[in-house]
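First comes the structure, then the notes that go with it.
The values are calculated or read from the model by the stated rules, or taken from the named source; none is laboratory data. These numbers come from a predicted model, not from an experiment. Because the Cβ atoms are built from the backbone with ideal geometry, glycine has one as well, and the counts that use them run over all protein chains shown. Protein only, heavy atoms only, side chains kept; ligands, DNA and RNA dropped before computing areas. Shrake-Rupley method; radii C 1.70, N 1.55, O 1.52, S 1.80 Å.
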Amino acid sequence: MFQKVIVIGSPGAGKSTFSRRLRDITSLPLYHLDMINHKPDRTTVSREEFDKQLSEILRTDKWIIDGNYQRTIEIRLEKCDTVFLMDFPLEVCLAGAAARVGTKRDDLPWVEEEFDEEFRQWIIDFPNEKLPQIYQMLECYKDKNIVIFKSRQEADDYLQKLYAGKVHSCNLHKF
């Protein structure tokens with residue numbers, strides 16, 4: 001069974017929801033990169049502070065780390081044993097991001113009051129600008145357990161099987 005997990009994918013894909021459910025099943029400690037990076041006043045910590053906190057987490061024996069933060073994916077890939085990539089259609093991600101507006105969440109230190117246009121554009125650009133880079137990085141880590149979900153249903157089914165004790169390795173879109 002996995003002990004060091006990263007959950008990556010487009011904003012709005014449901015990484016945090018998946019990560020919480022995975023934590024509830026596995027009892028692994030969960031860390032949201034948005035909570036490490038952002039302060040409640042909507043400012044961010046310094047790059048050095050972010051890197052320091054991330055390094056402290058990576059030195060521990062067990063964790064789930066939720067979030068992209070492309071600059072740090074490589075170091076997380078080096079340290080993890082399992083990667084869950086949520087590669088969902090753009091429409092699903094846009095709808096997911098829009099649906100959480102106005103909702104208090106434990107993965108962000110404030111409530112989003114609107115679907116910010118700049119953030120929306122970042123999601124629209126993700127499949128062409130960020131996703132190919134992620135797949136390219138994954139090519140170098142084929143020794144890891146890499147599971148790629150193409151739909152929320154696949155992710156839900158995986159978690160249900162894991163909860164039932166029927167998942168030891170997953171062959172869903174295995175990289």
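Could you give the length gained by full extension between D61 and E129, i.e. 0.36 nm per residue of separation minus their alpha carbon distance, to one decimal place?
Details: separation 68, 0.36 × 68 = 24.48 nm, distance 3.26 nm.
Taking 0.36 nm per residue and subtracting the Cα distance, the gain is 21.2 nm.
Rounded to whole Å and ordered largest first, report the semi-axes of the equivalent ellipsoid of region 116-160 derived from its Cα gyration tensor (root of 5λ).
24, 19, 7
7 Å from Cα along Cα→Cβ at both Q160 and T103: what's the point-to-point distance in nm?
According to this spin-label approximation, the distance is 2.0 nm.
Search the structure for amide H atoms under 5 Å from the amide H of K4, placed 1.01 Å from N in the peptide plane, and list their residues when 5 or more places away or on another chain.
W63, D81, T82
Can you give me the long-range amide H partners of I146? Hydrogens built in the peptide plane at 1.01 Å from N, cutoff under 5 Å, separation of 5 or more residues or another chain.
For I146, the qualifying residues are V83, F175.
Quick one: work out the % antiparallel among DSSP beta bridges in the chain, nearest 5.
Looking only at bridges with both residues in the chain, the antiparallel portion is about 5 percent.
I'd like to check one number: the per residue accessible area of region 35-169, probe 1.4 Å, reported in Å² as a whole number. List each step's numbers first, then the result.
Values: 7650 Å² over 135 residues.
That works out to 57 Å² per residue.
Only Lys, Arg, Asp and Glu count, each charged at its Cβ (+1, +1, -1, -1), so figure out the dipole size of the chain about its Cα centre, rounded to 20 debye.
So the dipole magnitude of the chain works out to roughly 700 debye.
Within region 44-175, how many lysine pairs that are 8 or more places apart, or on different chains, have C-alpha atoms less than 18 Å apart?
The number of close lysine pairs in region 44-175 is 13.
Please report the carbon-and-sulfur percent of the accessible area for the chain; probe 1.4 Å, protein heavy atoms only, DNA, RNA and ligands left out.
Heavy-atom surface of the chain belonging to carbon and sulfur, 1.4 Å probe: 49 percent.
Counting only the backbone N, which residues of region 37-75 are under 17 Å from the spot 7 Å out from the Cα of E139 toward its beta-carbon?
Backbone N within reach: 74.
Using Stokes-Einstein with the Kirkwood hydrodynamic radius over Cα pairs, what translational diffusion coefficient do you get for the chain at 4 °C and a viscosity of 1.567 mPa s, in µm²/s rounded to a whole number?
Answer from the Stokes-Einstein relation: 78 µm²/s.
Can you work out ³J(HN,Hα) from phi for every residue in region 108-114, in order, using Karplus 6.51 cos²θ - 1.76 cosθ + 1.60 and θ = phi - 60°, giving whole Hz and x for Gly and Pro?
Rounded to whole hertz, the list is 8, x, 8, 9, 5, 9, 8.
For labels at W110 and Q53 in the simple 7 Å Cα→Cβ model, what's the distance in nm?
The modelled label-to-label distance comes out at 1.5 nm.
Relative to 2.2 N^0.38 Å, what does the C-alpha radius of gyration of region 51-137 come to as a ratio? Two decimals please.
Working: Rg = 14.7 Å, N = 87, 2.2 N^0.38 = 12.0 Å.
Normalised by 2.2 N^0.38 Å, the Cα Rg of region 51-137 equals 1.23.
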